[in-house]
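The values are calculated or read from the model by the stated rules, or taken from the named source; none is laboratory data. This one's a predicted model, so the numbers in the text were calculated from it and none came from an experiment. FYI the Cβ positions are ideal-geometry reconstructions off the backbone, even for glycines, and counts take in every protein chain you see. To get the accessible areas, we keep the full protein, side chains included, count just its heavy atoms, and leave off ligands, DNA and RNA. Shrake-Rupley method; radii C 1.70, N 1.55, O 1.52, S 1.80 Å.
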Amino acid sequence: MIQMVDLKKQYLHIQEEIDNAVLNCIRSTAFINGPIVSEFAQNLAKYLDVKHVIPCANGTDALQIAMMAIDLQPGDEVILPAHTYFATAEVIGLLKLTPVMVDVDPDTFLINLEEVKAAITPKTKAIVPVHLYGQSVDMEPLMAIAKEHNIIVIEDNAQAIGANYTFNDGTIKKTGTIGHIGCTSFFPSKNLGCYGDGGAMFTNDDDLAAKLKMIANHGQSRRYYHDKIGINSRLDSIQAAILNVKLKYLDTYNSARAYAARYYNEAFSDIMELQTPVKQHNSTHVYHQYTLRVLNGNRNDLQDHLQALNIPTMIYYPVPLYNQGAFKGMIQEGFSLPVTDLLSDQVISLPIHTEMDEVLLNQIIDGVKSYF
Ligand SMILES: *Cc1c(COP(=O)(O)O)cnc(C)c1O
């Protein structure tokens, strides 16, 4: 049975380490905010080369806490791509901020910087670039735009942990460490996934780090002294124990995904109806998803064909954010963006994970080829 992600096989390769880490955590009984959580935060900070990592309960909370930390007022505008996961926009709506959705690039699927510029108003207070499917938005020009207009940048790095972005002068930084705050998710299927829910925020700014920490912890900076209304959002020690093991393998895992992507690319290069993933020129790609565009209008047909062969696929995302019922009233009636509309009809993601061998890849490739 082919799966989008094979977490079982991945676990079996590191079973002893994971089992020991979890058992040690249970035996320590330090289940909440224990030393294992701080150890993981330090390990991740070192890996990312960022000053602060603040763990929290999931990626959606990370985005919400980040939005809360920059002191926005209801009605302030936040720019985000319309082609992304719901959570990116959900927290904006939840905090009574105004989501301003802009279009994405038809090749890289990433937020279009010209559209960002055009969407800026005096009310724009934040931009949320999403490193969708595993590669970085062109952050250097984005940060320049943000600086010019005094706008905070919150990176949604849930799909790109481990990806590198190269600046014009050759400096390389990890995605999520370039904006003012980076947010990520440790949802099991993410590139660095735990065995439940988890998330984290990254920043190089000491004041922001203190605020993020405080908001994630009931708005208290000292126990039982609450300066702000916050939330309760923690990473469990057991999940941190698992992440401490898996972080060591993150680069290997990302290379395994890149291998599978190259294999697919090669196999599909002569199918004119398919557009294989296009690299953003100054980013590496960690292939959280391997997403094709089906250019002949038969995307759903191809999906049915593969389903009949027991090859799973997913559509990320079938409905543009502005057409989601949740945003009725927040988004102008009839609003639409051409590329986002197009992509929601054309994209299809194939299985990609850390445990793919040629036999499995060929089986999926043969399935796809048999359609064309
Ligand atoms: C997974 C994901 C999130 C949310 O993370 P959760 O841990 O599921 O809350 C947010 N944004 C993007 C782009 C994601 O892929």
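Normalised by the number of residues in the range 286-372, the average gap of Cα pairs under 8 Å and 6 or more apart makes the relative contact order 50 percent.
Taking the chain as a Gaussian network of alpha-carbon nodes connected by springs under 10 Å, the highest mean-square fluctuation of the residues ILE120, ILE154, ILE111 belongs to ILE120. Karplus-based coupling profile of the range 185-201, in residue order and whole Hz: 10, 10, 3, x, 8, 6, 4, 10, x, 9, 10, x, 9, x, x, 7, 10, with θ = phi - 60° in 6.51 cos²θ - 1.76 cosθ + 1.60 and x standing for Gly or Pro.
Judged by the mean number of other Cβ atoms found within 10 Å, the most tightly packed of the peptides 235-242, 362-369 leads the ranking 235-242, 362-369.
Solvent-accessible area per residue for the chain at a 1.4 Å probe radius, Å²?
44 Å²
For the peptides 199-205, 33-39, 7-13, residues were scored by their other Cβ atoms within 10 Å and the scores averaged per peptide; the highest-first order is 199-205, 33-39, 7-13. For the range 250-371, pairs of C-alpha atoms spaced more than 20 angstrom apart make up 49 percent of the total. Pairs of C-alpha atoms in the chain farther apart than 41 Å represent 11 percent of all such pairs. Taking the 1.4 Å solvent-accessible surface of the range 145-288 as the whole, the part contributed by carbon and sulfur is 49%.
For the range 99-253, divide the Cα radius of gyration by the Kirkwood radius and give the resulting Rg/Rh value with two decimals.
Rounded to two decimals, Rg over Rh is 0.99.
Summarising the amide proton neighbourhood of VAL100: residues at separation of 5 or more, or on other chains, whose placed amide H is nearer than 5 Å comprise VAL78, ILE79, LEU80. Structural descriptor for the range 205-343: relative contact order 11 percent, calculated from alpha carbon pairs under 8 angstrom and at least 6 residues apart. Charge tally around GLN239: other residues with Cβ under 12 Å, Lys/Arg +1 each, Asp/Glu -1 each, net 0.
For the chain, relative contact order (Cα pairs under 8 Å, six or more residues apart, normalised by length) works out to 22 percent. Other residues with beta-carbon under 11 Å from the beta-carbon of GLY162 carry, at +1 per Lys or Arg and -1 per Asp or Glu, a net charge of +2.
Of the peptides 321-327, 333-339, the order by per-residue mean of other Cβ atoms within 10 Å, starting with the highest, comes out as 321-327, 333-339. Count Lys and Arg as plus one, Asp and Glu as minus one, and take only other residues whose Cβ is under 13 Å from that of PRO351; the net charge is then -1.
Taking the protein heavy atoms of the range 27-73 in the context of the full set of protein chains, the accessible area attributed to carbon and sulfur is 49 percent at 1.4 Å.
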